[in-house]
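To start, the structure under review is shown below, and the notes come after it.
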Amino acid sequence: MPKMITDNEAAVRRAKILTAARWCFLNFGFAKTAFEDIAKRANLSRTLLYRIFKDKQEIYQAVFVDWLVSRHPAAKLAAKGPASPYERLLSVCRLMALEPWAEMVGTPMGSEFLETCELIDPKSEALYRKVVYECVAAILGDEASTEVFLLALDGLFADKPSMEVLEGRTKLLAARFAPRSTKKGLQS
């Protein structure tokens, strides 16, 4: 009879699988990642992997939800937080765009990650974009500014910049849409 594992052990195993799968998808892409690759990277048997996930698509969806959709509560808190609009906008951008980009940039297939998710799990990808939109709209206050800001933010990634360059661009963009408040003529 197989040994029963605790809920905590199952959660740790699942997290290990999702981390391994994310690495595989970012480095090999969805099409070239095999169950065997994920199992090896997670130090698990392929059979055990099949007991947890029915197929590669299900793992991909779980990776997206675990890695990106799980950021929604923190982004919503940041959007409504006590900081200045500029700082809140930067916080939302860091959580929802910059931090994921830090893992994607430099990986062979990182640039296809979101596009692939849109094909495999359009509901989760649409939810991700909706929450980003809602967070930015809560800060900027109107639909037109929100749409233009998000289009401009997407454009910042076009040439696959380093994190340092992307951070600088994002600060510049945020300052244009949510200028830093000034006290006694000084930038805060």
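What distance in nm separates the two pseudo spin-label positions at Leu172 and Ala102, each 7 Å out from Cα along the beta-carbon direction?
2.2 nm
Is any helix in the chain, taking whole DSSP H runs, at least 30 angstrom long along its axis by alpha carbon and on average at least -0.5 on the Kyte-Doolittle scale, and which ones?
Working: long enough: 7-28 (31 Å, 0.02).
TM-like helix candidates: 7-28.
Using a simple spin-label model with points 7 Å from Cα along the Cα→Cβ vector, what separation in nm is obtained for Ala83 and Ser181?
Output for this residue pair reads 1.4 nm.
Hey, can you find the accessible area per residue of the chain for me, probe 1.4 Å, expressed in square angstrom? It would help to have the intermediate numbers written out before the result.
On the way: 10810 Å² over 188 residues.
Result: 57 Å² per residue.
How much mean residue ellipticity at 222 nm does the chain get from its helices, if each DSSP H run of length 4 or more adds -39500 (n - 2.57) and you divide by all residues, to the nearest 500 deg cm²/dmol?
Details: 11 runs with 128 residues, N = 188.
Helix-only estimate at 222 nm: -21000 deg cm²/dmol.
Quick check: from the Cα gyration tensor, does segment 107-188 come out rounded (a/c under 1.5), prolate or oblate? Provide the component values of the computation, followed by the final result.
Details: a/c = 3.24, a/b = 1.54, b/c = 2.10.
Verdict is oblate for segment 107-188.
Using a cut-off of 25 Å between alpha-carbon atoms, which lysines can reach Lys32, once sequence neighbours fewer than 8 places away in the same chain are excluded?
Of all the lysines, those that pass the test against Lys32 - Cα under 25 Å, at least 8 places apart if same chain - are Lys16, Lys40, Lys54, Lys56, Lys123, Lys160.
Quick check: residue separation of Ala31 and Ser45 times 0.36 nm, minus the Cα distance between them. What number comes out in nm?
3.0 nm
Share of segment 1-62's accessible area from carbon and sulfur, percent, 1.4 Å?
Working: 2090 of 3960 Å².
Of the solvent-accessible surface of segment 1-62, carbon and sulfur hold 53 percent.
Under a plain spin-label model, where a point goes 7 Å from the Cα along Cα-to-Cβ, how far apart in nm are Lys123 and Gln57?
The two pseudo-label positions are separated by 1.3 nm.
The values are calculated or read from the model by the stated rules, or taken from the named source; none is laboratory data. Because the structure is a prediction, the values reported are computed rather than measured. Note: ideal-geometry Cβ built from the backbone for every residue, glycine included; neighbour counts use all protein chains shown. Side chains included, ligands, DNA and RNA excluded: accessible areas come from the protein's heavy atoms. Shrake-Rupley method; radii C 1.70, N 1.55, O 1.52, S 1.80 Å.
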